[in-house]
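Data block below; observations after.
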Amino acid sequence: MGIAVLKTIIKREILEHLKSAKFLIGLAIALTLASVSTVINVQDYKVRRQDYLAAREEMKSDFFYIRLYRPPQVLSALIQGKDRKLGNSIVVTYLGIPSRTSGYMGEGQSRQDRFRSGFGAVDFAFVVRVVLSLLVIFIAYNAVSEEKSAGTLKLTLSNRVPRDQLLLGKFLGGWVVVIAALFASSLVSLIIMLSHSFIEFKAAEWIRFLSYIGLAALYLTVFYTMSLFVSVLVNRPAAALMILLQAWIFLIIVYPNLGVVAADNLTKLPSEQQLEQQKAAAFQPYEAEQKKVSEAFVQGTEKGEMSKELALRDVELWVLKADLSHQVDAEFGRKLTAQMNLARTISSLSPAVLLDQGAERYAKTGMAQYERFMQEVYRYWQKHAERAKLMYADREAYRKLPPMDFRVADESAGEALAATWLPWLLLAFLSLAFFALAYTAFLRKDVR
């Protein structure tokens, strides 16, 4: 008897949602944005991929100026993350390592801005984070409040329908429709991506993509249970909608930015001038020697009487200066990462922040993959610097060296999942908490 009643309620809720204009309009907007953005971003990925392959060929002919490139990620066509803001290339010599990449939108950007989260990119992740979460609110804001204001809730409960089954049926019916909208949008984007021959979806990409869909489903569940809770508390549908829209704006836009502002004020970072002073102080013990060696190097070059020992020492001092400068930049980067983590911690109750953390990790378009790239750049530079020394110490041995290859090891799908357990846990907690509040409030609700 109880299961039959629950099934009836679920079926009724699903049919009502599927026939409602607000759901059909919201779904149409989501599908349109998902398909159009994926078409544009897939073509953008194709261009970036071709540029990357061409750039790698050009890199083989470089000797002094070595340009290293970050490969575009397949899933960036769906989840752009911070990929474009971080840049895609960097030029190193034994004289120095730049502190940031260039290309895309990276060139000319301050190092602080690289780490700031943004919500401007239109991609599949934007559709989930913004469009579908709004659709969820418009589906669930009147789940209970409308029946209460119309008097049908009292009539329904007078027919001995258990309150817990009624609420559970409303939740499951609406939740099925919400997840169906998510799957439909993801299926459209996936079909568009896989229809292109240059898109390679390996096992790791499938795991990452499906992990994101699972996290997105949990994200939408938070908004659905929150909407259900407000609908139980507020008797007027218009008032419930107003409250939920304000909560949405706060959780999606205001709260994450408050976290950034708070982190900026709680942790002070050195200015560019202070960084330059730290670099000068680090190399100060060797400054006089470098000046003396550089003058002798120039004079020896002009006279054509360059000694091997002098040339080698000149290179060693330049390499040392570059390394010490890099250490200052690396320490600044660690402080900047700590500031970013603090901002995320402060904003950790924002479902959007939690979703973005997982999305960027799964798509490899966030700071984790970028930092892997920069670490590999430093290791590559160390080898390049040793070669520069060898060129003056033993030119014959230098000529026999094989060309160096530059590759960044990708984070495995398992490592990405292990690193995103907290967003999963917090989103699950928020979903259960809001549902428990809605359940408790509904059992005590006066339906007269």
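Please treat every number below as a calculation from the coordinates, not as lab data. Being a predicted model, the structure only gives us computed values, none of them experimental. Cβ coordinates were reconstructed from backbone atoms using ideal geometry, including for glycine residues, and neighbour counts include every protein chain displayed.
The ellipsoid equivalent to the alpha-carbon distribution of the range 209-269 has semi-axes of 28, 20, 7 angstrom, derived from the gyration tensor eigenvalues as √(5λ) and listed largest first.
Taking other Cβ atoms within 10 Å as a rough exposure proxy, ILE199, ILE346, ILE191 sort from fewest to most as ILE191, ILE199, ILE346. Look at GLU415, GLU16 and count the other Cβ atoms within 10 Å of each Cβ; fewest to most, that gives GLU415, GLU16.
Here the 3J(HN,Hα) profile of the range 318-331, calculated from phi with Karplus coefficients 6.51, -1.76 and 1.60 at θ = phi - 60°, is 5, 5, 4, 4, 5, 5, 5, 5, 5, 4, 5, 5, 5, 5 Hz, Gly and Pro shown as x. Look at the dipole of the chain built from charges on Cβ: of VAL127, ALA240, GLN357, the Cα furthest out on the positive end belongs to ALA240. Simple rule: put +1 on each Lys or Arg Cβ and -1 on each Asp or Glu Cβ in the chain, find the dipole, and look at ILE3, LEU215, ILE249; the Cα lying farthest toward the positive end is ILE3. In degrees, nearest 10, range 0 to 90: what is the angle between the Cα axis of helix 21-59 and the longest Cα principal axis of the chain? Around 10 degrees separate the two axes.
With loop membership from DSSP and a limit of 13 other Cβ atoms within 10 Å, the longest segment of the chain without chymotrypsin sites (Phe, Trp or Tyr not before Pro) is 199-448.
Given +1 at the Cβ of Lys and Arg, -1 at the Cβ of Asp and Glu and no other charges, the dipole of the range 370-448 around its Cα centre is 120 debye to the nearest 20. Total lysine pairs in the range 316-402 at Cα distances under 19 Å, for residues eight or more apart or on different chains: 4. Extent of the chain along its three principal axes (Cα atoms, max minus min coordinate, largest first): 105, 49, 30 Å.
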